Amino acid sequence: MSHWLIKSEPDVFSITDLEKVGREPWNGVRNYQARNYMWKDMKPGDLALFYHSNAKPPGVAGVAKVASEAYPDPSQFDEKSEYFDPKATQEKPRWWLVDFEYVGAFKELLPLDSLKNDEVLQEMIVCQRGSRLSITPVEKVHFTRVCKLAGWKP
DNA sequence: GCCAACGTTGGC
DNA sequence: GCCAACGTTGGC
């Protein structure tokens with residue numbers, strides 16, 4: 001099983017929103033690297049840290065689970081969507097996504113600051129300066145450590 | 001195929 | 001609101 005970190009702006013879609021809907025297609029990702037992770041590497045059952053970006057403070061808010069195989073992102077075909085991509089066709093979709101399912105919210109948000117100050121988590125991609133990728137792989141030790149710091153049991 | 005210009009992300 | 005980082009676009 002692989003582990004991941006997925007970013008979302010809580011003003012747009014937060015861990016609480018995911019809890020309410022239970023399951024959400026992760027649409028709108030328009031970065032090839034992030035797409036490739038969903039397309040090729042994610043497997044149903046993989047766990048992901050749900051990260052709140054552009055928040056005060058930013059940090060990990062909870063845990064979600066990959067809940068589907070990859071399939072074409074419908075929003076790329078929708079002319080009215082802000083994610084519409086004129087170069088994508090039904091025959092050759094450009095963007096792929098998976099569904100995520102709610103697993104649990106941390107009791108309190110674990111701030112990015114705490115990750116950066118933790119000895120074990122120095123190498124985490126989200127701790128690196130200028131890290132913008134919205135979906136990143138996470139080492140199992142890092143995943144476990146984050147959960148421990150948050151006082152959360154899988 | 002290079003690279004300058006431009007746009008976006010996201011922490012601060 | 002600023003700006004560093006970095007991905008994308010398009011002219012050549």
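The values are calculated or read from the model by the stated rules, or taken from the named source; none is laboratory data. Everything quoted here is computed from the prediction, not taken from an experiment. A quick note on method: Cβ atoms are made from the backbone with ideal geometry, for glycine too, and the neighbour counts reach across all protein chains shown. Keep in mind that these areas ignore ligands, DNA and RNA; they rest on the heavy atoms of the full protein, side chains included. Shrake-Rupley method; radii C 1.70, N 1.55, O 1.52, S 1.80 Å.
Tabulated data for the structure shown
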{"quantity": "Residue list for the stretch A:28-41, filter: open to solvent by 40 Å² or more (accessible area, probe 1.4 Å) and in a loop (DSSP other than H, G, I, E, B)", "calculated": "A:Arg30, A:Asn31"}
{"quantity": "Cross-chain or 6+ apart pairs with Cβ under 7 Å, the stretch A:126-142 first and part of a loop (DSSP other than H, G, I, E, B), then within 8 Å of DNA strand B (Cβ to nearest atom)", "calculated": "A:Leu133/A:Asn31; A:Ser134/A:Lys7; A:Ser134/A:Asn31"}
{"quantity": "Qualifying residues in the stretch A:42-55 (those that are more than 13 Å from A:Tyr71 (Cα to Cα) and more than 14 Å from DNA strand C (Cβ to nearest atom)) - the one surrounded by the fewest Cβ atoms within 10 Å (Cβ to Cβ)", "calculated": "A:Gly45"}
{"quantity": "Within the stretch A:122-142, considering residues that are touching a Leu at 6+ places or on another chain (Cβ under 7 Å) and farther than 24 Å from A:Asn27 by Cα, the one farthest from DNA strand B (Cβ to nearest atom)", "calculated": "A:His142"}
{"quantity": "Among (1) away from DNA strand B (no atom under 16 Å from the Cβ); (2) assigned to a loop (DSSP other than H, G, I, E, B), the one test that A:Lys148 misses", "calculated": "(2)"}
{"quantity": "Considering residues of the stretch A:49-89 that are away from DNA strand B (no atom under 16 Å from the Cβ) and among the aromatic types (Phe, Trp, Tyr) only, the residue nearest to A:Arg35 (Cα to Cα)", "calculated": "A:Tyr71"}
{"quantity": "Every residue from the stretch A:1-15 that is open to solvent by 70 Å² or more (accessible area, probe 1.4 Å) and either more than 11 Å from the chain's Cα centre (by Cα) or of a type in the set (A, V, I, L, M, F, W, C) (or both)", "calculated": "A:Met1, A:Asp11, A:Val12"}
{"quantity": "Tally, over the stretch A:58-89, of residues that are assigned to a strand (DSSP E or B) and crowded, with 20+ Cβ neighbours inside 10 Å", "calculated": "7"}
{"quantity": "Verdict on A:Tyr71 being touching a helix residue (DSSP H, G or I) at 6+ places or on another chain (Cβ under 9 Å) and away from DNA strand C (no atom under 16 Å from the Cβ)", "calculated": "no"}
{"quantity": "Scan of the stretch A:94-125 for residues that are out of contact with any Cys (no Cβ under 8 Å at 6 or more places or on another chain) and in a loop (DSSP other than H, G, I, E, B), ordered by number", "calculated": "A:Arg94, A:Trp95, A:Val98, A:Asn117, A:Asp118, A:Glu119, A:Val120, A:Gln122, A:Glu123, A:Met124"}
{"quantity": "Hits in the stretch A:40-82 - residues which are under 22 Å from A:Val126 (Cα atoms), of a type in the set (A, V, I, L, M, F, W, C) and modelled with pLDDT under 95", "calculated": "A:Ala55"}
{"quantity": "In the stretch A:90-135, the residues that are open to solvent by 60 Å² or more (accessible area, probe 1.4 Å), touching a Phe, Trp or Tyr at 6+ places or on another chain (Cβ under 8 Å) and within 20 Å of A:Tyr32 (Cα to Cα)", "calculated": "A:Gln90"}
{"quantity": "Of residues in the stretch A:139-154 being aliphatic (A, V, I, L, M) and under 16 Å from A:His52 (Cα atoms), the one most open to solvent (accessible area, probe 1.4 Å)", "calculated": "A:Ala150"}
